[in-house]
Amino acid sequence: MKARDLGVRDGWVCWLCDRPVDPDAPSHSPHAPTVDHVVPRSRGGATRPDNLRLAHRRCNGRRADTLPELRWPEELGALDTSALWTAIARLVRRPGSVETVAVFPSEDRARAGSTWAVDRACAFVGGEWRGWTEPTGVGTHVVRLTVTGAADPGRPKVGDRRIRGRGRRASR
Ligand SMILES: [Zn+2]
């Protein structure tokens with residue numbers, strides 16, 4: 001599967017940063033479309049459509065063969081954030097546990113942040129992801145995440161052909 005095929009399938013959006021990918025970017029450009037393995041080949045990931053995603057060259061390279069690290073979009077206006085993929089990996093290992101992943105100045109912004117975080121989690125590993133907001137009592141709101149029934153990211157589900165949002169989005 002080539003980057004161009006993945007681009008058509010994934011709507012020309014980078015699965016790591018959630019930003020558009022230009023199909024015509026020169027191949028040496030940091031913004032060029034590349035094929036990324038969700039589970040890296042070095043960790044046993046297959047070169048199979050369900051394990052492949054479209055990513056910018058730079059995002060793909062930064063991630064290397066580790067879990068992808070991800071910056072929260074500035075426009076969400078978070079006051080403080082945790083390393084999201086690290087939190088996601090911990091949640092997958094401990095189903096039902098809860099991680100606080102970000103602090104926002106208002107409930108509206110926290111809700112938007114929760115939706116975004118659940119989307120990123122769903123794109124990475126299937127399962128029933130849930131994000132919600134809670135007031136801190138000092139005017140800010142935190143976003144918490146939890147998951148049940150997540151597939152171990154080291155063993156992606158075979159035959160799952162849904163690509164984006166493989167988990168159920170239940171953000172509130
Ligand atoms: Zn990207």
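The values are calculated or read from the model by the stated rules, or taken from the named source; none is laboratory data. Computed from a predicted structure; not experimentally measured. Quick reminder, even Gly has a Cβ in these numbers, built from the backbone with ideal geometry, and neighbours come from all protein chains shown.
Structural remarks
- Remark: pairs (first residue in segment 9-26, over 18 Å from D50 (Cβ atoms) and outside the structural domain of C122 (by TED's automatic domain parsing); second residue more than 12 Å from the ligand (Cβ to nearest atom) and among the β-branched types (V, I, T); Cβ separation under 9 Å; 6+ apart in sequence or on different chains) = P23/V8.
- The C-beta contact set for segment 34-47 (first residue closer than 17 Å to K2 by Cβ, second residue part of a loop (DSSP other than H, G, I, E, B), distance under 6 angstrom, 6+ apart or interchain) comprises H37/G45.
- Segment 117-127: number of residues that are in contact with a helix residue (DSSP H, G or I) (Cβ under 9 Å, 6 or more places away or on another chain), modelled with pLDDT under 90 and of a type in the set (A, V, I, L, M): 2
- Selection status of R120, of a type in the set (K, R), under 17 Å from C17 (Cα atoms), in contact (Cβ under 8 Å) with a residue 12 or more places away in the chain and not assigned by TED's automatic domain parsing to the domain that holds C17: yes
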